[in-house]
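The structure appears below as structure tokens.
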Amino acid sequence: MGLKTEKYREEKNLCLLNHAFCILYVLEKKDGGTEPSALVDDNGSEEDLSYEDLCQASPRYLQPGGEQLAINELISDGNVVCAEALWDHVTMDDQELGFKAGDVIQVLEASNKDWWWGRSEDKEAWFPASFVRLRVNQEELSENSISTRSEEQDEEASQSRHRHCENKQQMRTNVIREIMDTERVYIKHLRDICEGYLRQCRKHTGMFTVAQLATIFGNIEDIYKFQRKFLKDLEKQYNKEEPHLSEIGSCFLQNQEGFAIYSEYCNNHPGACLELANLMKQGKYRHFFEACRLLQQMIDIAIDGFLLTPVQKICKYPLQLAELLKYTTQEHGDYSNIKAAYEAMKNVACLINERKRKLESIDKIARWQMSIVGWEGLDILDRSSELIHSGELTKITKQGKSQQRMFFLFDHQLVSCKKDLLRRDMLYYKGRLDMDEMELVDLGDGRDKDCNLSVKNAFKLVSRTTDEVYLFCAKKQEDKARWLQACADERRRVQEDQEMGMEISENQKKLAMLNAQKTGHGKSKGYNRCPVAPPHQSLHPIHQRHITMPTSVPQQQVFGLAEPKRKPSLFWHTFNRLTPFRK
């Protein structure tokens, strides 16, 4: 029976490969494309390793589905399993777990490939699996969960700590090996993208324009070339006999300027996802990309998953280096280099994470503007990309009249709206102020000499160009304090964006506004099919838990640096109550 099954599998795989070859052959004849030469770096061709070859010497978690299986086995055995966030997960859904880059999440359930169940800061909820990296050394986590011990256990605890110290070399070995193993697998993924997808796409000029390929693949070839050189540098510093003695920190420092090429790729990634999603609406493109995958003998991941790997990789480096630094003593020859490398890679990842948050924000801001009645002038995204704070204030006019208004403080501008008298969830546009031209003045309670009025919980904005004064009063002292802090935050973020070169492209802003116009008032259709977090359920002890997943979880697509789509109704529910954005 086993031999028949194996033979059937071989015949089926052969059939699929033949079918894939036929699809590409027909398309090539139709397009009349030519095949470019294979990619070769400055140091010669790359050793042709299959994924199976790499996995033979690699941990099981590197294999397809292996990480998921390994996690569930550890959890079933009663172990504490923790992962670290690659980037921020901003959520307005109570059923999802929000966190910031670098936060530690305890994984409680990983039976679904897209969404895992976990705990962070005493809250349990679903979170996207693609947003985290599993820690290499899970052994020391049980030590953190130990609280107080009895006197009889003191000796045992002391022995345990001693064993932990002796085991530190092994833990450093584990991290070094993970860095090397994941780097080798990453190179294989990059090669599959360049030679399995991009190379085939270039041969079919009737299906893809040069501009389309530039949008979808960005500078992936430059990244491939850079990473091959980086891996060779790592291999030279890797001590195979005693991995814990390896000194790889210098490799990161010597190549830190080279990692800047990831900024271009990550900036391009949202547009790549959108372009790819549009092509995937046609059956011939879906069949084409699947044929490419089969012929290249790539693992069973869709093309969008492969295109996400560089974004994930650059955010994993600081987490890997942080874990390596933890197990590197100050006496170790690589300690100073690892510490410097960690800071350098953290800065790179921070910039990417900030950009991801900005891209999430502009989509929401565009939909918000569409909900405002009587909007005038330029789109909000023309100058702004983030809402800093919002709330009600009383505006005092020059004539001394009071006007209740809803104010929204974005970077660079403050927008004023009026509530509808009957429908309190409807807002009418009333104007805006340029925050770049304003000076914030805190006012004490009492009479203001400029307006000749008695004020309480007040502050004002004074135009540097016209000297015009805008006076605002909050209901409570705490509200005023929040507005003063928000205005300071707005100036700080504008300066940080300038220093980091943080800029959203005009094309991305136009796409956000276009999508908002298409979807109407909050009825977000999304760009593609993405997983929705499963419904919340009350949880039983881990050995009794039976979490029911949706019968069909759509394959995860990536947009805005892989942010899974959530139920937009909650977002608009929040806006209908006129509450501010929350990070």
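The values are calculated or read from the model by the stated rules, or taken from the named source; none is laboratory data. Keep in mind it's a predicted model, so treat the numbers as computed, not measured. Cβ sites come from the backbone with ideal geometry, for glycine too, and all protein chains shown count toward neighbours. Heads up: the accessible areas ignore ligands, DNA and RNA and are worked out on the full protein's heavy atoms, side chains in. Shrake-Rupley method; radii C 1.70, N 1.55, O 1.52, S 1.80 Å.
Of all residues in the stretch 249-296, exactly one satisfies the criterion of being in contact (Cβ under 8 Å) with a residue 40 or more places away in the chain, over 26 Å from residue 225 (Cβ atoms) and of a type in the set (Lys, Arg), namely 284. Residue 427 meets the conditions (1) touching a strand residue (DSSP E or B) at 6+ places or on another chain (Cβ under 7 Å); (2) surrounded by fewer than 21 Cβ atoms within 10 Å (Cβ to Cβ); (3) more than 16 Å from residue 487 (Cβ to Cβ) in every case but one. The failed one is (2).
For the stretch 286-305, how many residues meet the condition of being open to solvent by 20 Å² or more (accessible area, probe 1.4 Å) and among the β-branched types (Val, Ile, Thr)? The number of residues fulfilling the criteria is 2.
Are any of the residues in the stretch 343-357 touching a strand residue (DSSP E or B) at 6+ places or on another chain (Cβ under 9 Å) and not aromatic (Phe, Trp, Tyr)? No, the stretch 343-357 contains no residue that is touching a strand residue (DSSP E or B) at 6+ places or on another chain (Cβ under 9 Å) and not aromatic (Phe, Trp, Tyr). Tell me, please, whether a residue that is over 23 Å from residue 174 (Cα atoms) and aromatic (Phe, Trp, Tyr) can be found in the stretch 303-314. Looking for residues that are over 23 Å from residue 174 (Cα atoms) and aromatic (Phe, Trp, Tyr), one finds at least one in the stretch 303-314, hence yes.
With respect to the conditions (1) at pLDDT 90 or above; (2) among the aliphatic types (A, V, I, L, M); (3) surrounded by 21 or more Cβ atoms within 10 Å (Cβ to Cβ), residue 352 falls short on a single one, namely (1). Scanning the stretch 463-489 for residues being of a type in the set (Gly, Ala, Ser) and under 22 Å from residue 450 (Cα atoms) gives a total of 3.
Limited to the stretch 438-465, what total is found for residues that are charged (D, E, K, R), farther than 23 Å from residue 482 by Cβ and touching a residue at least 24 places away in the same chain (Cβ under 8 Å)?
Counting residues in the stretch 438-465 that are charged (D, E, K, R), farther than 23 Å from residue 482 by Cβ and touching a residue at least 24 places away in the same chain (Cβ under 8 Å) gives 1.
Residues in the stretch 376-385 that are loosely packed, with under 13 Cβ neighbours inside 10 Å and in contact (Cβ under 8 Å) with a residue 12 or more places away in the chain: 376, 377, 382.
Restricted to the stretch 499-513, and to residues there that are open to solvent by 80 Å² or more (accessible area, probe 1.4 Å) and closer than 23 Å to residue 271 by Cα, the residue that is modelled with the highest pLDDT is 510.
Any idea which of 402, 385, 390 is within 19 Å of residue 455 (Cα to Cα) and among the small types (Gly, Ala, Ser)?
Values: 385 fails: within 19 Å of residue 455 (Cα to Cα); 390 fails: within 19 Å of residue 455 (Cα to Cα).
Exactly one of 402, 385, 390 is within 19 Å of residue 455 (Cα to Cα) and among the small types (Gly, Ala, Ser), namely 402.
Take residue 240 and decide whether it is more than 29 Å from the chain's Cα centre (by Cα), crowded, with 16+ Cβ neighbours inside 10 Å and basic (Lys, Arg).
no
Here is a list: 156, 178. Which entry is at pLDDT below 85 and either open to solvent by 60 Å² or more (accessible area, probe 1.4 Å) or in a helix (DSSP H, G or I) (or both)? One residue alone meets the criteria, 156.
Number of residues in the stretch 237-272 that are small (Gly, Ala, Ser) and closer than 22 Å to residue 216 by Cα: the value is 5. Assess whether residue 172 counts as being open to solvent by 10 Å² or more (accessible area, probe 1.4 Å), assigned by the TED database to the domain that holds residue 279 and modelled with pLDDT under 95. Answer is no for this residue.
Residue-wise test of (1) outside the structural domain of residue 450 (by the TED database); (2) surrounded by fewer than 23 Cβ atoms within 10 Å (Cβ to Cβ); (3) under 17 Å from residue 506 (Cβ atoms).
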{"site": "369", "(1), (2), (3)": "yes, yes, yes"}
{"site": "374", "(1), (2), (3)": "yes, yes, no"}
{"site": "387", "(1), (2), (3)": "no, yes, no"}
{"site": "390", "(1), (2), (3)": "no, yes, no"}
{"site": "396", "(1), (2), (3)": "no, yes, no"}
{"site": "399", "(1), (2), (3)": "no, yes, no"}
{"site": "404", "(1), (2), (3)": "no, yes, no"}
{"site": "407", "(1), (2), (3)": "no, yes, no"}
{"site": "410", "(1), (2), (3)": "no, no, no"}
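Every residue, every condition in (1) under 24 Å from residue 404 (Cβ atoms); (2) among the acidic types (Asp, Glu), yes or no:
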| residue | (1), (2) |
| --- | --- |
| 356 | no, no |
| 359 | no, no |
| 376 | yes, yes |
| 379 | no, yes |
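The combined condition, being crowded, with 19+ Cβ neighbours inside 10 Å, assigned to a helix (DSSP H, G or I), touching a strand residue (DSSP E or B) at 6+ places or on another chain (Cβ under 9 Å) and at pLDDT 90 or above, is not fulfilled by residue 197.
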